[in-house]
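K.L.:
Let me begin by handing over the structure; questions about it come next.
The values are calculated or read from the model by the stated rules, or taken from the named source; none is laboratory data. Just so it is clear, the model here is predicted, and its values are computed rather than measured. As a convention, Cβ positions derive from the backbone with ideal geometry for all residues, glycine included, and neighbour counts pool all protein chains shown.
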Amino acid sequence: MAFVLRTVTTSAEGREIVRTRRVEGDRLTIGRGPACDIHLTDLAVALRHAEVARSGERLAVTVENGLTVALDGRQVGAGSLALATGGDLRIGSHLLRFLPVAAGSDEVAVGVERVTEGEAKLDRDAERLFSLASVLPGKRPLAWLLALLVIGLCIAWPVKTFYDRQQRAERFARFQADELWSAGHLSAAHASLRHDCNACHVKPFESVRDAACASCHRDIHGHADPFRLARAQPDLSAWGRFQLRLKQAFDLPPGRCIDCHTEHQGPQQMAPTPQRFCADCHGDLAARLPDTRLGNAGDFARIHPDFRPAVVTGWQGERPILTRVSGPAAREANGLKFPHALHLSRSGGAAQMARRLGIGASLDCADCHRPEPNGARYQPVVMERDCAQCHSLAFARTGGVVRTLRHGDPAQVIAEVGDYYRFRTAPRPPSLAPAGRRQPGAAPAVATRIRFDAGARAPGPEAAVRAVFSPGGACYDCHQVDAPPAGSLAYRIHPVAFPERYIRHGWFDHRPHAAQSCGSCHQAARSNAASDLLIPGIATCRGCHGGERTAKPVASPCAMCHSYHARPGAPAMVVRQRLRGEQRPVPAAAVREGG
Amino acid sequence: MATRQIPRTTLGEGASHEGFLRHKRFRWAKLALLLCAAAVAGYALIDAPPRHYGGTAFGYVLGTVATLLILWLTLLGLRKRAMTPGRWSLKGWTSAHVWLGLSLTVLATLHSGLRFGPDVHTLAWGLMMAVILSGLYGIAVYAALPPALGDSRAEMTRPQMVDALAKLDVQLEAAAQPLALADAAVVRKALAEDPFAAGLLRRLSGSDARSATRRAIVALAPAGDAALLAVLERKVAALGQIRRHLRIRALLEVWLYVHVPLTFALLAALAAHILSVFFYW
């Protein structure tokens, strides 16, 4: 009985060296100890690790207490294998291969071999070991990975979102991939569109067009005829021409909404329109647009034409002729007679009547002029409400009933007065003695008699009608009367008309001026005729208002009174300020100093 | 080694080395500075209501210049593979790469109008800044570290260092043969200690806190096998030398693992930036 050991080692050059040794006996000891039959130099092996002993047709494997070996791949503390089939015994890094034993043979052949996985490090390229390349993924795969990640996330995904959105009609309430492309927050007013890029960016690779804006902003007016607008542009600098050429090259038509209304500038509100925005063109508009009827306008304090209110300057039959006028010589042909000075006087008859009627010490503007509900302007004066408390149209009392002429209907007045005087018999005043006797010293009675006689001589209905429409008559006091042809009684009242707004292209709001007295702007107290134009000129405004940058109490950029997009009401900037609660009242003291 | 320790100032004029930064008396540095000054002046003087951003005419100009610069800077990767002398030498090219690359921090930042947000535009800007910063780091370590790299080799070549370690392992294994299994396990761990197995962070830190060889010394010192301990001490020294060398190599190389891959991420982000601007114009 013997074991034939066949030990295989590998030289540094990779050559196999085979040594054969014979161990007589039934037992084979295996371990790191030099006394063992099979001496394994592996530090993972105990000094005396295992023992293989022949028992009949099998080989019994016993392992030192607490250790294991791998017997045909199974980790065991003890086991056996059949001689006829052989088997593998692995201890540490060594493999002991027991070859099958032929029947009747007395020798067991054992291959001993070190399995040298993980031992190749000496052979590795030392230079590479020192480089980071040995522990990091290559730069090229990293570059590809990152680039593809960015392309997928920042190009493919948003583009897909765009085409997905074309297929669907509903609004988008949550994050969409193409928001990654947003160049900044939308303005506060457009914040609700932030998930819906295609609300403005309609076609890919086409810049935002005005049509996209107009789909919501339906009633915004342009500023002027586009051709005149183009001609009015200031001469372009070299840089300006370059910009224009750049825009042309990229198919960006000039004059689009977004040229001024720049978006993606942060969650801000629309900024106040700077004065320069207007002054660039209007500062010397007349030079480039010779046929313009607009005066040059830049800084309000320095360059601004005087106001040219639209006033009724004449009549074409019943139709008033509105003309824009300016200067102190301007007159208004509104058809009324009304001396403001007389009414506002503190000492005249009007003041006395005001005291008698309990209106006040004298008449005040507010007694006749009432503001409109929004306070910006004043309601038209209404005769029945504003004049009639003094200028009564009552002409007779029948029983307890006061008979009043109907205002605004001359034909009715003629009929009414005519009828009244046609059937009137004046009762003889009791103070008059019966006819005939005159007593000396009864002068009042004489005067009464004279008046009664004059009355009794009866002007007649025609004369009464004429009196109403003639100097001293109720209508004539205030109205221009068109006299009828001789023999006719068809008196007519000249129509009365005032423009709805005197200054139509500039905004004026009385409310912020409430701290001022009316007379500080309107020279009513010195006006003796209704034809006086009481609209103040620009000099009055300039007392307080300067340009955008001014030492005057009120800095006034163009947009305080004018809108770029013509609109009848308050300018857009003022409306926005009001909505945001930004309008601050100017302290009255500051205004007085400025004035 | 010998020439390395001679101070540069003692070299003659003809032998003095002009680095890529000083190339042609800072020709490219001056050009880059001029470019930045022009951009800043344009930003300050050109009026762009309501404010500067990438979409104004000046913004387009800055963006175009910056894009062309980035593409050209990327070409260094191709250019460096062909070393040529002369007017457009690789050194001149590298000098221009560094200085013009630095000028991008100004150009692209002005192009942004100093506005940043969670979008592709800021992503492109951020990647660009990361690439430039990593490049700055690269210049700094290339200026500072190569002498230390040479010193850390202690007159050995790199294969010699690996070889020395392997020989120590053989000696260690032989010296440990008499040990009991428990002690042998400690030595096996020391044998298995491979300084090259350290990942990026441990290479950068040069830390040997987990050194199995050091632990083996502590564990086996009471037994007092002087021969074995001597071998272990020598292995600790060899490992330390390799670790120092590895650390400097890692410090020298790591920026390229940021610089190059991020450059390509930047190119992708730049493509996304430009596409997005014109897609949603």
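Matching residues to (1) outside any helix (DSSP H, G or I); (2) among the charged types (D, E, K, R):
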{"site": "A:487", "(1), (2)": "yes, no"}
{"site": "A:512", "(1), (2)": "no, no"}
{"site": "A:519", "(1), (2)": "no, no"}
{"site": "A:539", "(1), (2)": "no, no"}
{"site": "A:552", "(1), (2)": "yes, yes"}
{"site": "A:559", "(1), (2)": "no, no"}
{"site": "A:569", "(1), (2)": "yes, no"}
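K.L.:
If I filter region B:218-229 for residues that are more than 14 Å from chain A (Cβ to nearest Cβ), more than 30 Å from residue A:145 (Cα to Cα) and either touching a strand residue (DSSP E or B) at 6+ places or on another chain (Cβ under 7 Å) or surrounded by 19 or more Cβ atoms within 10 Å (Cβ to Cβ) (or both), do I get at least one hit?
P.N.:
No: region B:218-229 contains no residue that is more than 14 Å from chain A (Cβ to nearest Cβ), more than 30 Å from residue A:145 (Cα to Cα) and either touching a strand residue (DSSP E or B) at 6+ places or on another chain (Cβ under 7 Å) or surrounded by 19 or more Cβ atoms within 10 Å (Cβ to Cβ) (or both).
K.L.:
Also: List the residue pairs whose Cβ atoms are under 9 Å apart, where the first residue sits in region A:19-36 and is of a type in the set (Ser, Thr, Tyr), the second is surrounded by fewer than 11 Cβ atoms within 10 Å (Cβ to Cβ) and not in a strand (DSSP E or B), and the two are 6 or more positions apart or on different chains.
P.N.:
A:29/A:35
K.L.:
Picking from A:221, A:217, which residue would you name as being more than 16 Å from the chain's Cα centre (by Cα) and more than 14 Å from chain B (Cβ to nearest Cβ)?
P.N.:
Criteria check complete, one pass: A:221.
Per-residue answers, yes or no, for (1) free of Cβ contacts under 8 Å to residues at least 60 places away in the same chain; (2) exposed (fewer than 15 other Cβ atoms within 10 Å of the Cβ):
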position	(1), (2)
A:476	yes, no
A:483	yes, yes
A:499	no, no
A:502	no, no
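K.L.:
Scan region A:270-287 for residues that are of a type outside the set (A, V, I, L, M, F, W, C) and within 12 Å of chain B (Cβ to nearest Cβ) and jot them down.
P.N.:
A:272, A:273, A:274, A:276, A:280
K.L.:
Identify the residue in region A:163-210 that is within 14 Å of another protein chain (Cβ to nearest Cβ) and aromatic (Phe, Trp, Tyr) and, among all such residues, is surrounded by the fewest Cβ atoms within 10 Å (Cβ to Cβ).
P.N.:
A:163
K.L.:
Name the single residue, out of those in region B:39-54 being outside any helix (DSSP H, G or I) and without any contact (Cβ under 8 Å) to a residue 40 or more places away in the chain, that is surrounded by the most Cβ atoms within 10 Å (Cβ to Cβ).
P.N.:
B:48
K.L.:
Would you pick out the residues in region A:326-343 that are within 22 Å of residue A:538 (Cα to Cα), of a type outside the set (D, E, K, R) and surrounded by fewer than 18 Cβ atoms within 10 Å (Cβ to Cβ)?
P.N.:
Matches in region A:326-343: A:326, A:327, A:328, A:329.
K.L.:
For the subset of region A:77-116 comprising residues that are exposed (fewer than 13 other Cβ atoms within 10 Å of the Cβ) and under 22 Å from residue B:184 (Cα atoms), which member is farthest from the chain's Cα centre (by Cα)?
P.N.:
Taking the candidates together, the pick is A:115.
K.L.:
Another question, then. Just need a number here: residues in region A:230-267 that are on the phi > 0 side of the Ramachandran plot, more than 10 Å from every other protein chain (Cβ to nearest Cβ) and surrounded by 15 or more Cβ atoms within 10 Å (Cβ to Cβ).
P.N.:
Residues meeting the conditions: 0.
K.L.:
Please determine, by comparing only the residues of region B:250-261 that are within 7 Å of chain A (Cβ to nearest Cβ) and aliphatic (A, V, I, L, M), which one is farthest from residue B:133 (Cα to Cα).
P.N.:
Within region B:250-261, the match that is farthest from residue B:133 (Cα to Cα) is B:250.
K.L.:
Across region B:100-140, what is the total count of residues that are surrounded by 16 or more Cβ atoms within 10 Å (Cβ to Cβ), within 14 Å of chain A (Cβ to nearest Cβ) and of a type in the set (A, V, I, L, M)?
P.N.:
Matching residues across region B:100-140 total 7.
K.L.:
Further question: Here is a list of conditions, (1) under 30 Å from residue B:126 (Cβ atoms); (2) modelled with pLDDT under 85; (3) in contact with a helix residue (DSSP H, G or I) (Cβ under 7 Å, 6 or more places away or on another chain); (4) hydrophobic (A, V, I, L, M, F, W, C), and residue B:265 meets all of them except one; can you say which number that is?
P.N.:
Going through the list (1) under 30 Å from residue B:126 (Cβ atoms); (2) modelled with pLDDT under 85; (3) in contact with a helix residue (DSSP H, G or I) (Cβ under 7 Å, 6 or more places away or on another chain); (4) hydrophobic (A, V, I, L, M, F, W, C), residue B:265 breaks only (2).
K.L.:
Need the failing condition index for residue B:171 against (1) of a type outside the set (A, V, I, L, M); (2) within 18 Å of residue A:46 (Cα to Cα); (3) more than 9 Å from chain A (Cβ to nearest Cβ), just the number.
P.N.:
With (1) of a type outside the set (A, V, I, L, M); (2) within 18 Å of residue A:46 (Cα to Cα); (3) more than 9 Å from chain A (Cβ to nearest Cβ) applied to residue B:171, the lone miss is (2).
K.L.:
Of the residues that make up region B:77-97, is at least one in a helix (DSSP H, G or I), loosely packed, with under 15 Cβ neighbours inside 10 Å, of a type in the set (A, V, I, L, M) and free of Cβ contacts under 8 Å to residues at least 24 places away in the same chain?
P.N.:
yes
K.L.:
Here's another thing I want to ask about it. Restricted to region B:272-281, and to residues that are in a helix (DSSP H, G or I), in contact with a helix residue (DSSP H, G or I) (Cβ under 8 Å, 6 or more places away or on another chain) and at the interface with chain A (Cβ under 7 Å from one of its Cβ atoms), which residue is surrounded by the most Cβ atoms within 10 Å (Cβ to Cβ)?
P.N.:
B:272
K.L.:
From the list A:179, A:206, pick out the single residue that is of a type in the set (D, E, K, R) and not in a helix (DSSP H, G or I).
P.N.:
Of the residues listed, the single one that is of a type in the set (D, E, K, R) and not in a helix (DSSP H, G or I) is A:206.
K.L.:
Residue A:147: in a helix (DSSP H, G or I) and buried (at least 19 other Cβ atoms within 10 Å of the Cβ), yes or no?
P.N.:
yes
K.L.:
Still on this structure, I have one more. Give me a count of the residues in region A:395-423 that are assigned to a loop (DSSP other than H, G, I, E, B) and surrounded by 15 or more Cβ atoms within 10 Å (Cβ to Cβ).
P.N.:
The number of residues fulfilling the criteria is 2.
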